[in-house]
1. List every residue pair whose Cβ atoms lie under 6 Å apart, where the two residues are 6 or more positions apart in sequence or sit on different chains, the first residue falls within region 160-171 and is surrounded by 13 or more Cβ atoms within 10 Å (Cβ to Cβ), and the second residue, located anywhere, is in a loop (DSSP other than H, G, I, E, B) and not hydrophobic (A, V, I, L, M, F, W, C).
2. Taking interchain pairs and intrachain pairs at least six residues apart, which have beta carbon atoms under 6 angstrom, with the first residue in region 341-361 and under 17 Å from Ala181 (Cβ atoms) and the second basic (Lys, Arg) and not in a helix (DSSP H, G or I)?
3. What do you reckon, is Ser286 assigned by TED's automatic domain parsing to the domain that holds Asn345, over 22 Å from the mean Cα position of the chain (by Cα) and closer than 30 Å to Ser236 by Cα?
4. Could you check region 64-105 and list, in sequence order, the residues that are among the charged types (D, E, K, R) and either in the same structural domain as Asn354 (by TED's automatic domain parsing) or crowded, with 18+ Cβ neighbours inside 10 Å (or both)?
5. Collect the residues in region 185-215 that are aromatic (Phe, Trp, Tyr) and closer than 14 Å to Phe124 by Cβ, keeping them in residue-number order.
6. Go through (1) surrounded by 14 or more Cβ atoms within 10 Å (Cβ to Cβ); (2) within 30 Å of the chain's Cα centre (by Cα); (3) in the same structural domain as Leu50 (by TED's automatic domain parsing) one by one and return the number of the condition Ile234 breaks.
7. From the residues in region 240-260 that are surrounded by 13 or more Cβ atoms within 10 Å (Cβ to Cβ) and over 41 Å from the mean Cα position of the chain (by Cα), which one is modelled with the lowest pLDDT?
Amino acid sequence: MMNKIRTIVLVLTIVIITTISMPIFASNAAEEKTFTLQQAIDYALKNNPLIAISDTGIEKAKVSFKEASSVYRKSNDAPVMAFESQLAKDGYYKRMAEMALKLAEKGKEKTVESIEFEVENHYFTLLNAQENLNIQKSIAELATENLRIANRKYDLGTISEIEVMSFKTSLAQAKVDLKSAQRALEYAQMNFNKALGLPLNTKVRLTDAIKVEAPESIDIEEKVSQALQNRMEIISAKEQYEADKLYFDITAKWYPSNTYKYQQAKQAMQSSEYSLINSNKTVEISVRKAYMDMLNAYESLVVLQQAEEQLQKAYDVTKIKYENGLGTNIELLQIMNQLKEIKLNKSKAQLGYNLAKKQFEVSYGVGLSSTP
């Protein structure tokens, strides 16, 4: 009887432990998430707390504007007894609240734009890290093949052991570079996950690719004009100037030109007018510079693509020559290293061009999510 009870208790214990353990094992299972670029952007915008903070800022500005509007309406019927009353009556406080609301709304647009650009940056950087890993894998395969050829030639007695050792060293270095590329990929993945608000160890698969398309024909003057209408710096500077001008106009009604109050208001207006003019110039330069950077990045990439094609052909020829005893190990190793460097540089240039292209689009105030 006691043995039967012990058996029942043991079975129940196993069942309970198994039942408790199942959710734990399920929760620990690595779940891979798949993202297109747009899906990654949408996910980040949905989960980034800065969006909620921006929304709260807008609601706060709306309340302030509502209260200022109420004060403005009431001030029209009240006698003007002091300078502050004149400011209220002429709509200065209402104008300041209106400016705060406009900047809060534009600030949210800027926040969204920054999140989109950060995600796109890390998306392409992760793709670049994956490409670099593939390049290092291909170089390791070449180094392995070269060592195989060297071993065969050594067995035939056509090369020395020292020559074989040079290929072994080359393969060892290729394996080190491969491990380094794997670590760089892990780092890029953590940064991508952070940008999206995912746990840092989340496994992700990106379905879009880094595309290289020649820059379209662009009317740079039109883009500069767009920037001067859309950029946060311009809107902020313009709003500040208009508010300071209104304040000066009201001040001039109350204080003569030989008073501190008058000169203070005048200086503030002049300062904000200068800031507006300077902001226009700064923004225009930034758009033109971003355009130049995009063109420079593309032209450099074209050269690297041509160089890679030439080096690949040269490597293939050098390998055949060495295999048939017409070349040296030094020539083969040198050109293999040159091929590796050109492939990595081209990969980096592809990333740089895509980011420069997006930076140019952002420079004239176009949100990334609205770009094709």
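1. Short answer, once both residue conditions are applied: none.
2. Here the result reads none, with nothing in region 341-361 linked to a residue that is basic (Lys, Arg) and not in a helix (DSSP H, G or I).
3. no
4. Matches in region 64-105: Lys89, Asp90, Lys94, Arg95, Glu98.
5. Step one: list which residues in region 185-215 are aromatic (Phe, Trp, Tyr), which gives 187, 192.
If the condition is that a residue be aromatic (Phe, Trp, Tyr) and closer than 14 Å to Phe124 by Cβ, then Phe192 is the only one that fits.
6. (3)
7. Going residue by residue through region 240-260, those that are surrounded by 13 or more Cβ atoms within 10 Å (Cβ to Cβ) are 240-252, 254-255.
Applying the additional criterion that residues be over 41 Å from the mean Cα position of the chain (by Cα) yields 248-252, 254-255.
Details: Phe248: 97, Asp249: 96, Ile250: 96, Thr251: 96, Ala252: 96, Trp254: 92, Tyr255: 95.
Filtering first and then ranking leaves Trp254.
The values are calculated or read from the model by the stated rules, or taken from the named source; none is laboratory data. A quick note: this is a predicted structure, and the numbers were derived from the prediction, not measured. Neighbour counts run over all protein chains shown; Cβ positions are idealised from the backbone, glycine included.
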